[in-house]
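Q: Just dropping this structure here.
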Amino acid sequence: MESVEIWVRRCAARMDEASLYFGHGTDNAWDEAAWLVLHVLDRDPTAPFSAWDRAVTDAEGVAITDLLTRRIETRQPLAYLLGSAWFCGLRFTVTPDVLVPRSPMAELILDGFQPWVGEHGARRALDLCTGSGCIAVAMAHWLPELSVDAADISAVALDIAARNVRMHGLEQRVRLHRSDLFDALAGERYDLVVSNPPYVPASRVTTLPEEYRAEPVLGLASGDDGLDLPLRLLREAPDFLAPGGVLFCEVGESESRLQNLLQAVPFTWLEFEQGGSGVFTIDRKQLEAARPHVDAALEKRGHVV
C-alpha cells in the first residue's frame with residue numbers, strides 16, 4: 001500500500017495533466033489533491049496533518065480514484081462532488097444551487113470587521129445575497145454579539161442556507177429572508193451590511209472555465225457590465241443602515257469598472273493578507289452623499305429598477 005503523500009502527488013499530477021481550473025476553495029493542484037485525499041480519509045482538510053507516510057488502504061485508494069475521475073470528467077468544483085466546502089474554518093453544505101464559498105471576507109469576519117465598525121462593534125448585521133449562508137453563519141459563529149439576518153432571492157439557496165444554520169446550531173441568531181436585495185426588509189436597520197452580489201458581465205459567463213459555469217448563473221451574472229446589482233445595492237443600502245452603519249461589498253473583477261463609473265464616490269478598497277481583492281467598504285454617511293452619483297448611473301440603464 002502506498003502513502004498519503006504518494007496519493008496526493010499522483011492526484012495533483014493528474015489534475016495538472018487534465019488542465020483543471022482551481023478557484024473554489026483552492027488555487028492549485030496540490031492543495032486540491034490534498035483536500036480530495038483527506039476527505040476520503042475523513043480528515044478535516046483545514047486542520048494540521050502530519051501523517052503523510054500513513055498507508056492508504058485499497059478501499060480508500062478506490063474511493064480516491066473514483067472521486068478524482070469524477071472531478072476530471074465532469075469539471076465540477078470539488079465542493080459539489082463532496083457536497084461540502086470550508087469557509088472561515090467552518091464546514092458548509094453546498095450543492096450546485098449555490099456558489100461555492102470562497103470570499104476574502106472570511107478575513108474580515110475573523111478580524112471582527114475592525115477598525116471599520118468602531119470600538120463598540122456591531123449588534124445587528126445583514127448578509128445580502130447570502131447563497132449558502134456561509135457569511136451569515138460565520139459572522140454569527142465568530143462574532144457572538146451579532147444578531148444576523150440573511151437574505152437571498154433564491155428559495156432553493158435559502159433551503160441550503162437553512163441547513164447550514166441548523167448544522168451550526170444558530171437558529172436563534174440567524175434569520176433567513178427571501179428578498180430581492182432589500183425589497184422584503186422594510187423597516188430594518190443594520191449596523192453592518194455585508195454582500196457578495198452577482199458582479200460578472202452577462203456576456204462573460206459563457207466564457208468562464210467550466211468549473212465556474214457549473215455554478216448558478218443567478219449568483220454570477222449582473223447585467224452587461226456586472227454592475228446592475230452592485231449599483232442597486234449602493235442606492236438602497238443607506239436606507240437600511242443605522243447611524244454610523246457600514247457596508248462591505250465584494251465586486252471582484254468589476255472593481256475597476258465600478259471605480260471608473262463612480263469616480264466621485266469614496267470607496268475604500270481593502271487589501272487581504274490571505275489574498276483576494278475587489279472588496280470595498282463605505283459608511284452610511286458616505287453612501288447618502290454618493291446617492292446622486294449612483295442615481296445618475298442608474299438612470300442611464302433603464303432596465304434596472
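Q: Sort 254-264, 74-84 for me by packing, meaning the mean count of neighbouring Cβ atoms within 10 Å per residue, highest on top.
A: The packing order, highest mean first, is 74-84, 254-264.
Q: Using the Karplus equation 6.51 cos²θ - 1.76 cosθ + 1.60 (θ = phi - 60°), what ³J(HN,Hα) coupling, rounded to whole Hz, does each residue of region 265-279 give in order, writing x for Gly and Pro?
A: So the J values, rounded to whole Hz, are 8, x, 5, 9, 8, 8, 10, 10, 5, 8, x, x, 7, x, 10.
Q: Residue by residue through region 173-189, which ³J(HN,Hα) values in whole Hz follow from phi under the Karplus form 6.51 cos²θ - 1.76 cosθ + 1.60 (θ = phi - 60°), with glycine and proline marked x?
A: 10, 10, 9, 9, 9, 8, 7, 7, 6, 8, 4, 9, 10, 4, x, 7, 9
Q: Please list the non-local residues whose amide H lies under 5 Å from the amide H of Ser147, H modeled 1.01 Å from N, same-chain partners needing a gap of 5 or more.
A: The answer is Arg124, Ala125.
Q: How big is region 248-305 along each principal axis, measuring the range of its Cα positions in Å and listing the largest first?
A: That gives 38, 25, 18 Å along the principal axes, largest extent first.
Q: Given H placed 1.01 Å from N in the peptide plane, which residues other than close sequence neighbours of Phe248 have an amide H under 5 Å from its amide H?
A: HN-HN under 5 Å from Phe248: Val193, Val194, Ser195.
Q: Another question, then. Where does region 4-82 land on Rg/Rh, using Cα atoms and the Kirkwood Rh?
A: Using Cα coordinates only, the ratio equals 0.92.
Q: May I ask for the percentage of alpha-carbon pairs in region 11-149 that lie more than 22 Å from each other?
A: 46 percent
Q: Place a point 7 Å from the Cα of Glu210 along the Cα-to-Cβ direction; which residues of region 72-88 have their backbone N under 12 Å from it?
A: Residues 72-77 qualify, since their backbone N sits under 12 Å from the label point.
Q: Then there's this: Which number comes out as Rg/Rh for the chain once both Rg and the Kirkwood Rh are worked out on C-alpha atoms?
A: 1.00
Q: Explain nothing, just the number: dipole magnitude of the chain about its Cα centre with +1 on each Lys and Arg Cβ and -1 on each Asp and Glu Cβ, in debye rounded to the nearest 20.
A: Once rounded to the nearest 20, the dipole reads 500 debye.
Q: A further question follows. For region 47-52, in order, what is each residue's ³J(HN,Hα) by Karplus, 6.51 cos²θ - 1.76 cosθ + 1.60 with θ = phi - 60°, in whole Hz (x at glycine and Pro)?
A: 8, x, 9, 10, 8, 5
Q: Tell me what the chain gives for mean residue ellipticity at 222 nm when only DSSP H runs of n ≥ 4 count, each as -39,500 (n - 2.57), the sum divided by the residue total, rounded to 500 deg cm²/dmol.
A: Computed mean residue ellipticity for the chain: -11000 deg cm²/dmol.
Q: Would you please give the residues with an amide H less than 5 Å from that of Leu90, counting only those at least 5 places away or on a separate chain, with H modeled from the backbone geometry?
A: Distant-sequence amide H within range of Leu90: zero hits.
Since every read-out is calculated from the coordinates, none of them should be taken as a lab result. If you're wondering where the values come from, they're calculated on a predicted model, not measured in any experiment. When we count neighbours, we look across all protein chains shown, and the Cβ atoms used for this are built from the backbone with ideal geometry, even at glycine.
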